[in-house]
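One structure is given below, encoded as structure tokens.
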Amino acid sequence: MKARRIFSIILAISVMGSLCACKTKKTSETETQTQTVTEPSLTTETTKESTTEESVTKPTDDPNVVKNVEDESEEPITIYGYDPEFKNLMKKYLPDVECEYVLLEKDVYFKTLADALKSEEKTPDLFMCDKAHLQDYSYSNKTLNLGELGFIYSDLEDQFAYTYEAAEDKDHAPKALSYLLAPSVIIYNRLLAYKAFGNDDPSVVSTYLNSWDHILDCAQEINVNSEGKLKLFSSIKDIRETYWTSHTTSWIKDGKVVIGKEFDKYFHIEEVLSAESLTFDEEYGSEDWQKRLMDNEAVMFFGSLEKAKNVIGYVPGHKEDPEDLEANSWRETSETTKESTTETAEQKETKPAGTTESGSESGTTGESTTEETTIDPDIKGWAILPAPEATYDDGIWLMAASTCDKKATAAKILKTFTLDEATMEQMALEGMFVNSKTVMKKCAADPYFISDFLGGQNPYAVLVPIAEEIQVAVSTEENEYAYREIEHLLEAYLEGQIDSMAEVKHQFTVGMEELFGLT
């Protein structure tokens with residue numbers, strides 16, 4: 001937290017100097033003028049802290065930011081990706097942009113992308129990236145930072161901060177923007193929750209699953225009470241990524257590796273899950289893992305709505321009966337808008353998030369009714385609630401290759417899908433979690449988005465506060481290496497190859513010291 005606060009102050013003083021630290025291309029020099037302004041906060045949590053410096057003197061335009069971004073080629077822009085829907089988005093919202101697509105299945109995409117970026121012939125101008133590869137490409141000299149495409153930090157004020165902070169290079173210069181977000185929640189089976197807790201309502205179930213300690217307790221009780229027929233998770237690895245994605249503090253301080261209490265806690269959780277057979281021990285993400293969920297044997301899993309589509313067949317939906325809906329001018333306007341012709345949109349006022357059909361606040365559960373839960377032996381379907389920590393499981397980012405000769409077009413695409421409010425309203429209506437706090441808060445407050453699949457919840461009333469709270473690691477590089485070391489050591493520890501936590505910590509420390517040259 002303190003490190004993030006310091007970073008925010010550095011940004012206020014240096015403005016966009018760090019945004020353009022990577023200069024792979026020559027940029028035109030521009031004159032600067034100074035004025036006194038208040039620097040907007042770029043983080044969520046740090047806005048709660050007070051500061052004695054209310055305003056700073058800074059240049060209106062940083063000389064390192066390219067003011068007049070231009071295309072250097074008349075050829076179509078080349079876009080590499082793995083999401084076939086993006087081609088349809090381009091046709092709908094940017095029909096005037098001539099594109100050449102290389103769309104591949106994800107299992108071969110990143111190998112093909114890596115080869116293409118090494119090539120001296122046909123290289124991508126713009127390409128998609130997921131969470132797993134984001135840090136590698138953000139740190140790579142094969143990609144441009146946003147300043148080289150003409151962006152400044154004020155452009156990003158309405159975006160969820162974690163999305164561009166997660167794409168920073170070593171100099172804290174953002175290199176990508178996300179057009180499809182995937183904040184993570186607990187997704188649970190209502191019938192199994194009713195059997196386990198006597199209630200399927202998210203406001204009740206959340207009291208059992210609101211901390212890692214409570215989750216472990218529930219895993220034990222569910223296993224015992226069902227005589228092993230019912231488990232909280234399908235796999236022992238179910239909580240691993242969610243737990244460590246939420247780790248944000250530095251692993252290295254003053255040249256030494258720092259191991260906190262969360263390290264011991266996690267090893268304890270997995271040790272208990274394994275020793276007491278509290279999961280079905282399926283391979284995480286496999287067909288058997290999924291089958292346990294679909295066959296009413298595993299109560300829950302962690303994930304985003306995007307993941308829920310693949311695992312349990314979640315389909316974005318809304319209330320179909322017009323009489324159930326309140327008049328929402330923003331939605332009526334959006335539905336009649338054919339195309340977005342501007343690259344940026346003015347901020348509009350939104351209703352308070354969490355409003356239900358009756359006008360009452362829905363709280364974090366996003367329930368559409370305040371009536372007491374009716375005992376129903378035919379309870380079915382799913383529900384969502386916040387995980388113990390605010391995290392994300394994926395997302396899709398767009399990055400420009402350093403060889404991009406269509407910079408103006410690349411910038412236009414990024415602005416359309418991550419800055420233009422009218423475009424993002426349409427995308428949200430199609431079921432996408434877009435990168436606009438303004439738009440998603442409107443969705444969270446709108447009964448139109450109440451989901452029958454989720455038993456009357458508005459998922460965005462749950463997801464928006466989570467997306468605002470997500471923090472990224474002080475060093476994504478440290479976190480990535482630490483996570484890999486933890487996975488390796490966990491397997492060895494659970495298999496008995498390492499006989500004590502003291503030895504686990506020793507090997508972790510030595511491994512991190514070697515990786516970061518601390519010895």
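The values are calculated or read from the model by the stated rules, or taken from the named source; none is laboratory data. All figures in this text were calculated on a predicted structure; none of them were measured in a lab. Note: ideal-geometry Cβ built from the backbone for every residue, glycine included; neighbour counts use all protein chains shown.
Kindly provide the set of residues from region 168-186 that are aliphatic (A, V, I, L, M) and modelled with pLDDT under 95, ordered by number.
Within region 168-186, Ala173 is the sole residue that qualifies.
Answer with yes or no whether Phe110 is without any contact (Cβ under 8 Å) to a residue 24 or more places away in the chain and over 30 Å from Ala298 (Cα atoms).
Answer is yes for this residue.
Could you say which residue among Ala161, Ala176 is of a type outside the set (Asp, Glu), within 17 Å of the chain's Cα centre (by Cα) and more than 21 Å from Trp244 (Cβ to Cβ)?
Exactly one residue qualifies, and that residue is Ala176.
Do we have Ile450 as over 25 Å from Ala167 (Cβ atoms) and buried (at least 24 other Cβ atoms within 10 Å of the Cβ) here?
Values: over 25 Å from Ala167 (Cβ atoms): yes; buried (at least 24 other Cβ atoms within 10 Å of the Cβ): yes.
For Ile450, the condition - over 25 Å from Ala167 (Cβ atoms) and buried (at least 24 other Cβ atoms within 10 Å of the Cβ) - is met.
Here are Glu270, Glu282, Glu241, Glu221: which of them is farther than 23 Å from Ala196 by Cα and either outside any loop (DSSP other than H, G, I, E, B) or charged (D, E, K, R) (or both)? Before you say what the answer is, go through the steps one by one.
On the way: Glu270 fails: farther than 23 Å from Ala196 by Cα; Glu282 fails: farther than 23 Å from Ala196 by Cα; Glu221 fails: farther than 23 Å from Ala196 by Cα.
Being farther than 23 Å from Ala196 by Cα and either outside any loop (DSSP other than H, G, I, E, B) or charged (D, E, K, R) (or both) holds for just one of Glu270, Glu282, Glu241, Glu221, which is Glu241.
What number of residues within region 162-196 are under 30 Å from Ser226 (Cα atoms) and of a type in the set (A, V, I, L, M)?
The number of residues fulfilling the criteria is 7.
Within region 164-184, does at least one residue satisfy the condition of being part of a helix (DSSP H, G or I), of a type outside the set (S, T, N, Q) and in the same structural domain as Asn225 (by TED's automatic domain parsing)?
The answer is yes, given that some residue of region 164-184 is part of a helix (DSSP H, G or I), of a type outside the set (S, T, N, Q) and in the same structural domain as Asn225 (by TED's automatic domain parsing).
Tell me which helices (runs of 4 or more DSSP H) are completely within region 373-458 and hold 1 or more residues being among the acidic types (Asp, Glu), or say none if there are none.
421-429
Among the residues of region 281-316, write down those that are more than 18 Å from the chain's Cα centre (by Cα), polar (S, T, N, Q) and under 22 Å from Tyr208 (Cβ atoms).
Residue satisfying the conditions is Asn296 alone.
Every residue, every condition in (1) of a type outside the set (S, T, N, Q); (2) at pLDDT 95 or above; (3) touching a His at 6+ places or on another chain (Cβ under 8 Å), yes or no:
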{"residue": "Val204", "(1), (2), (3)": "yes, yes, no"}
{"residue": "Ser211", "(1), (2), (3)": "no, yes, no"}
{"residue": "Val224", "(1), (2), (3)": "yes, yes, no"}
{"residue": "Leu230", "(1), (2), (3)": "yes, yes, no"}
{"residue": "Asp254", "(1), (2), (3)": "yes, no, no"}
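Give region 401-415 a look and list any residue that's more than 21 Å from Ser436 (Cα to Cα) and under 23 Å from the mean Cα position of the chain (by Cα), or say none.
Selection gives Ala401 alone.
Considering every residue within region 206-216, establish whether at least one is touching a Lys or Arg at 6+ places or on another chain (Cβ under 7 Å) and within 17 Å of Phe301 (Cβ to Cβ).
yes
Quick one: is Phe302 surrounded by 16 or more Cβ atoms within 10 Å (Cβ to Cβ), modelled with pLDDT of 95 or more and assigned to a strand (DSSP E or B)?
The answer is yes for Phe302.
Residues are listed down the side, and each one gets a yes or a no for (1) at pLDDT below 95; (2) within 25 Å of Lys265 (Cβ to Cβ):
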{"site": "Ile413", "(1), (2)": "no, no"}
{"site": "Phe417", "(1), (2)": "no, no"}
{"site": "Ser475", "(1), (2)": "yes, yes"}
{"site": "Glu485", "(1), (2)": "yes, yes"}
{"site": "Gly517", "(1), (2)": "yes, no"}
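Of the residues Ala492, Ala482, which is aliphatic (A, V, I, L, M), more than 26 Å from Ile312 (Cβ to Cβ) and in contact with a His (Cβ under 9 Å, 6 or more places away or on another chain)?
Exactly one of Ala492, Ala482 is aliphatic (A, V, I, L, M), more than 26 Å from Ile312 (Cβ to Cβ) and in contact with a His (Cβ under 9 Å, 6 or more places away or on another chain), namely Ala482.
From the list Thr245, Thr279, pick out the single residue that is under 30 Å from Thr519 (Cα atoms) and crowded, with 18+ Cβ neighbours inside 10 Å.
Values: Thr279 fails: under 30 Å from Thr519 (Cα atoms).
Thr245 is the lone residue from the list that is under 30 Å from Thr519 (Cα atoms) and crowded, with 18+ Cβ neighbours inside 10 Å.
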